[in-house]
1. Go over the candidates Ala131, Ala50 one by one and state the one that is modelled with pLDDT under 90 and small (Gly, Ala, Ser).
2. Among the candidates Ala89, Ala68, Ala47, Ala94, which residue alone is touching a Phe, Trp or Tyr at 6+ places or on another chain (Cβ under 7 Å) and either assigned to a helix (DSSP H, G or I) or closer than 30 Å to Asp116 by Cα (or both)?
3. Return yes when Arg90 is closer than 23 Å to Leu226 by Cβ, open to solvent by 20 Å² or more (accessible area, probe 1.4 Å), without any contact (Cβ under 8 Å) to a residue 40 or more places away in the chain and under 14 Å from the mean Cα position of the chain (by Cα) and no when it is not.
4. So, restricting to strands (runs of 3 or more DSSP E) that lie completely within region 140-230, which ones have at least 2 residues that are modelled with pLDDT of 95 or more?
5. Note down all Cβ pairs under 8 Å where the first residue falls in region 129-143 and is surrounded by fewer than 18 Cβ atoms within 10 Å (Cβ to Cβ), the second is of a type in the set (S, T, N, Q), and they're at least six residues apart or on different chains.
6. Which of the residues that make up region 97-128 are hydrophobic (A, V, I, L, M, F, W, C), open to solvent by 20 Å² or more (accessible area, probe 1.4 Å) and either part of a helix (DSSP H, G or I) or within 17 Å of Gly205 (Cβ to Cβ) (or both)?
Amino acid sequence: EDINRMAGKVEGMLDAKRQLLLGVSHELRSPISRITLGLALLEDSAAVRALRQDTSEMGSIVGMLLEAERLDSPHALLQLSEVSLDALARDLVACHFPDEPRLQVRVPDQLHARLDASRIQLLLRNLIGNALRYSSPADGPVELDIELEGEKLVFRVRDYGPGIPEAQRSHIGEPFYRPDASRNRETGGTGLGLYLARQIARAHGGELELRDVTGRGALFVVSLPLHAGP
């Protein structure tokens, strides 16, 4: 009984934390919008450009937090439809990585699955963006492979950069966590991209994993059931 009471208290504290985070994020949207509008009316300068960049980052953080919390709800709603994975990959590259020669995409023809296409694109955009950010042209390509393995749809994003130290791997996917050394804030990112990607995978009934690789680099694998959904 004591353990059950303690578990109930911990669950209540976590729920309160999530509600506070969600409430604060909602309240920040309006002042951020007003600041963005005010900055747009100012004459261009280095200081104004820096403020615009900071404001844009704040807006991005709030947006990702709100989306992650929505997906964390037991009643998260996905816009599921039958999706061609080949078409999804082409749209992803055309919209977000049109001039990125390092990105190599491999997906079988005629591969379809029931997914929330916009959220899966967001998941892949975050994974590919991280891989491109934390590796260099000298390291080699960034690879996206999409394939069917039994009853699961598998997405693999691989880079050949410095990789992630073993001691930091257990923290990957935690909100606001950024490994140091090669993967730090100076190179961009807020520590929310992988967290949101993991939430999207779980909302589809799947999981995001960091797998071991031979040699340099990092390999993120997303496995989803064929009939994706909570």
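1. Ala50
2. Of the residues listed, the single one that is touching a Phe, Trp or Tyr at 6+ places or on another chain (Cβ under 7 Å) and either assigned to a helix (DSSP H, G or I) or closer than 30 Å to Asp116 by Cα (or both) is Ala68.
3. no
4. Because the criterion is at least 2 residues that are modelled with pLDDT of 95 or more, the strands (runs of 3 or more DSSP E) in region 140-230 that meet it are 142-149, 152-159, 218-225.
5. Listed by first residue and then by second, the contacts come to Arg133/Thr187; Pro141/Gln104.
6. Ala117, Leu122
The values are calculated or read from the model by the stated rules, or taken from the named source; none is laboratory data. For clarity, every value in this text was computed on a predicted model and none was experimentally measured. Note that we place each Cβ from the backbone using ideal geometry, even for glycine, and neighbour counts take in every protein chain shown. Note: accessible area is taken over every heavy atom of the protein model, side chains too, but ligands, DNA and RNA are not part of it. Shrake-Rupley method; radii C 1.70, N 1.55, O 1.52, S 1.80 Å.
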